[in-house]
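Below: one structure, written as structure tokens.
The values are calculated or read from the model by the stated rules, or taken from the named source; none is laboratory data. These numbers come from a predicted model, not from an experiment. Note: ideal-geometry Cβ built from the backbone for every residue, glycine included; neighbour counts use all protein chains shown.
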Amino acid sequence: MNSIIFRVGSTVVLPFALLLSLYLLWRGHNEPGGGFIGGLIAAAGYACYALPRGHAALRKVLPIDSLQLLAFGLSAALISGIAGLMGNAAYLTHAWTEVAGIALGTTLLFDIGVYLTVLGAILTFLSLFLEQ
């Protein structure tokens, strides 16, 4: 995969993929989108960047280990359900509040957890693939 076109194109694709994934993550707790598709798009951007460059480039551009991303994601998704238990409701009954006219809730925390879990799982697989 030593194509100059792929190498240059992936430099442009990565930032746009990350921005699109964050947009879909943010919009997903109220409209279609969310953590799963956002995590897939972010992972695709990292994959496009790393495939022509190798494992060292993926480590350089990724600020945190992929297994840690996976662990943070699972933790965030699990923690998001505690608000329901504290309010004498079922686990994962989401709580909502409004801050400066913006509706925020534990669904966003759950979506962030799914986003990080999907991103961490795919990047772990990609990292293992690139090491060989």
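If you check L119, L74, L70, L92, which single one turns out to be part of a loop (DSSP other than H, G, I, E, B), surrounded by 14 or more Cβ atoms within 10 Å (Cβ to Cβ) and out of contact with any strand residue (DSSP E or B) (no Cβ under 6 Å at 6 or more places or on another chain)?
Exactly one of L119, L74, L70, L92 is part of a loop (DSSP other than H, G, I, E, B), surrounded by 14 or more Cβ atoms within 10 Å (Cβ to Cβ) and out of contact with any strand residue (DSSP E or B) (no Cβ under 6 Å at 6 or more places or on another chain), namely L92.
Answer with yes or no whether T124 is in a helix (DSSP H, G or I), hydroxyl-bearing (S, T, Y) and within 30 Å of I4 (Cβ to Cβ). Spell out how you get there, then give the answer.
On the way: in a helix (DSSP H, G or I): yes; hydroxyl-bearing (S, T, Y): yes; within 30 Å of I4 (Cβ to Cβ): yes.
When the stated conditions are applied, T124 passes them.
Go over the candidates G105, G87, G101, G54 one by one and state the one that is among the small types (G, A, S), at pLDDT below 95, surrounded by fewer than 20 Cβ atoms within 10 Å (Cβ to Cβ) and closer than 30 Å to I5 by Cβ. Even if it seems obvious, please write down each step before you answer.
Numbers: G105 fails: closer than 30 Å to I5 by Cβ; G87 fails: closer than 30 Å to I5 by Cβ; G101 fails: closer than 30 Å to I5 by Cβ.
One residue alone meets the criteria, G54.
Kindly check whether there is at least one residue in the range 61-74 that is within 20 Å of I122 (Cβ to Cβ), touching a residue at least 60 places away in the same chain (Cβ under 8 Å) and not polar (S, T, N, Q).
For the range 61-74, residues within 20 Å of I122 (Cβ to Cβ), touching a residue at least 60 places away in the same chain (Cβ under 8 Å) and not polar (S, T, N, Q): present.
(1) surrounded by 14 or more Cβ atoms within 10 Å (Cβ to Cβ); (2) touching a residue at least 12 places away in the same chain (Cβ under 8 Å); (3) under 30 Å from N2 (Cβ atoms): which one isn't true of F110, the others all being true?
(3)
Look through the range 1-49, keep the residues that are free of Cβ contacts under 8 Å to residues at least 12 places away in the same chain and in a loop (DSSP other than H, G, I, E, B), and return whichever of them is farthest from T124 (Cα to Cα).
This residue is E31.
Assess whether I4 counts as being surrounded by 14 or more Cβ atoms within 10 Å (Cβ to Cβ) and of a type in the set (A, V, I, L, M, F, W, C). Spell out how you get there, then give the answer.
On the way: surrounded by 14 or more Cβ atoms within 10 Å (Cβ to Cβ): no; of a type in the set (A, V, I, L, M, F, W, C): yes.
Judged against the criteria, I4 is not a match.
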